[in-house]
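The values are calculated or read from the model by the stated rules, or taken from the named source; none is laboratory data. The model shown is predicted, which means the values in this text are computed figures rather than measured ones. Here the Cβ is made from the backbone with ideal geometry for all residues, glycine too, and neighbour counts use every protein chain on show.
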Amino acid sequence: MSPVPWHSDGFFVEAAAGDLLGRSRPHLTGEIYFQEATSMLPAEVLRAALSNLEVSSSQPLQSSASDTGRRLRVLDACAAPGSKSTQLGNWLEGQGGLLVANEADPGRAEILRTNLLRAGVVNCLVTCLDGRELGDLAPELFDAVLMDVPCSCEGNARKDPGSLLRGSGGAPSNDGTPPIWHRPLVEMQWELMRSGWRALRPGGYLVYSTCTFNQWENEAQCVKLLEADVATELGGFRASAVDIAAVLNFPPSAASAVRGIAPLFSEKAQGQRSKGQSHNLPESVKLGVQVGALRLSPQSFDVEGFFVSCFRKEESTVAHEERSGTRSKPAASASMTTMAPSYASDLRALSGGEALKLRSLAQSCLGFWPERESGETMTNLWEDPRSGEIWLLPDLGPPGLEVLARHAQTPGLLVARRQHAGGRYSDPASHLELSDELMLVAGDRASSAASLTTSEWAELLSRVESGLHISSGRSERTGNMVVEETVDEEEENGIGY
């Protein structure tokens, strides 16, 4: 193995031909995750921006007096299959923060959720929405947003040479805009970026990335954000570019090799040129503004191609007076111990005694129960009275995210269910049986992990990914509507180990 330059926990692995590392026990139990080295960059950039820049910035993340000590909330808007989400989630677990991972396709969202559980990420919410809706549903609620958008995938040229032909077919128009076939994709990327911008708190960071080469999807999008009208397009805020090479402490020689190249004429420059005034523009504007981005090519680090940029949401002095006093302030965290959360009103809270029995059962059978990095036990337990499923809900923090939670795949982590039939990990007295999901989150931390073969781990992972371990009688939520379904007790078979 050899280290990945931009991520301390990342390594290049050279395996013998025929080695199926993706089916190895460390992979199945979540100890390792395989991904392209360059795809580690967006999450690392976001982490570094939040960790490093915040210390020296004169404009810290804004919060109200009642919001002091608030935990970080991060949105991964186009998250499946989950490589970047697991990377972010593991870091946030150590910070006590919350990850919201979104994927528009329901099948891919299920895979995303399984990968997060396998990585041991518990305080997270997996939503299934068009990313372009997120900004309107959760305005200014996130400290950071990762927008790894769908793209033409030209960066996959080493493993798929045809991607270059598919991605760059067609010549640009005379005004420097993309080919006609490319425009819907570029427009969707811009809409996603604006949605992420609306979801971002003042002072927060937006990371925009693709795995493609052309400038229309990369630098040109960055310039569009930097030049966008503050009042009409950016909600009264302006974007400032973050120098990623500096944030990641790249040496000068490496930084010069991977900085984003000069983009096509920006819209402002195009307007000047159309008026025959391009000769009056300074050279820096003719070539495009500096966007602080990184552009990695196969020949630079022997990796797949990738582009990543980062922006800070700055208050606009022009719009400040108009917005002052009108923006809602985050409130203190609401207690979730006395009433059901609005997005899961069909659940009832477990009593202290019931919760203690469940945790004792988990400790007895698995030697494991989810805890925060600080050692604080996670106890936000709620039961669905119809199916008997018991869920550990994430801590959403200050109010606001309940709207997104209504679009979640599940309320949280399924830790157990009540049933009459005894299973391998069950308590006949209380009819509690631990779930596949809890075992998957525990991984090799479970005292019983050694008794499971690699094949059994693979079967467990498959069950969780399929969703078959969750009762078919569970309420199916669509938006704000809850459709009740009856539970056939004869068909409600729990799963043991």
Study note, to complete from the structure: Counted residues in region 326-365 being among the small types (Gly, Ala, Ser), in a loop (DSSP other than H, G, I, E, B) and at pLDDT below 90 come to 8
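For every residue, the table says whether it meets (1) under 13 Å from the mean Cα position of the chain (by Cα); (2) of a type in the set (A, V, I, L, M).
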site	(1), (2)
CYS78	yes, no
GLY82	yes, no
GLN87	yes, no
ASP105	no, no
ALA119	no, yes
LEU134	yes, yes
GLU140	no, no
Revision key, fill the gap. If we ask which residues in region 387-405 are touching an Asp or Glu at 6+ places or on another chain (Cβ under 8 Å) and part of a loop (DSSP other than H, G, I, E, B), their number turns out to be 4
Practice item. Write out, first by first residue and then by second, each pair whose Cβ atoms fall under 9 Å of each other, whose residues are 6+ apart or on separate chains, and whose first residue, in region 398-410, is among the β-branched types (Val, Ile, Thr) while the second is part of a loop (DSSP other than H, G, I, E, B). Key: VAL403/ALA138; VAL403/ASN480; THR410/GLY467; THR410/ILE470; THR410/ARG474
Revision key, fill the gap. Restricting attention to region 173-214, the residues that are touching a residue at least 24 places away in the same chain (Cβ under 8 Å) and touching a Gly at 6+ places or on another chain (Cβ under 6 Å) number exactly 8
Revision key, fill the gap. Taking region 275-325 and keeping residues modelled with pLDDT of 80 or more and among the charged types (D, E, K, R) leaves ARG295, GLU304, ARG312, LYS313, GLU314, GLU315
Practice item. Return yes or no: is GLY107 crowded, with 23+ Cβ neighbours inside 10 Å, out of contact with any Asp or Glu (no Cβ under 6 Å at 6 or more places or on another chain) and either part of a helix (DSSP H, G or I) or not assigned by TED's automatic domain parsing to the domain that holds SER297 (or both)? Key: no
Review point. Looking at GLY155, is it out of contact with any helix residue (DSSP H, G or I) (no Cβ under 7 Å at 6 or more places or on another chain), surrounded by fewer than 24 Cβ atoms within 10 Å (Cβ to Cβ), outside any loop (DSSP other than H, G, I, E, B) and of a type outside the set (S, T, N, Q)?
Key: no
Exercise for review: Please give the number of the condition GLN59 fails out of (1) part of a loop (DSSP other than H, G, I, E, B); (2) exposed (fewer than 15 other Cβ atoms within 10 Å of the Cβ); (3) at pLDDT 90 or above.
Suggested key: (3)
**Study point:** First in region 137-162 and polar (S, T, N, Q), second anywhere and in a strand (DSSP E or B), Cβ under 9 Å, 6 or more apart
**Key:** SER152/THR210
Exercise for review: Looking at (1) within 21 Å of VAL415 (Cα to Cα); (2) at pLDDT 95 or above, find the lone condition where ASN102 falls short.
Suggested key: (1)
Practice item. Determine the pairs where a residue that is at positive phi, located within region 436-458, has a partner that is among the hydrophobic types (A, V, I, L, M, F, W, C) with Cβ atoms under 9 Å apart, the partner being 6 or more residues away or on another chain. Key: GLY443/LEU28; GLY443/ALA119; GLY443/PHE368; GLY443/ALA449; GLY443/TRP457
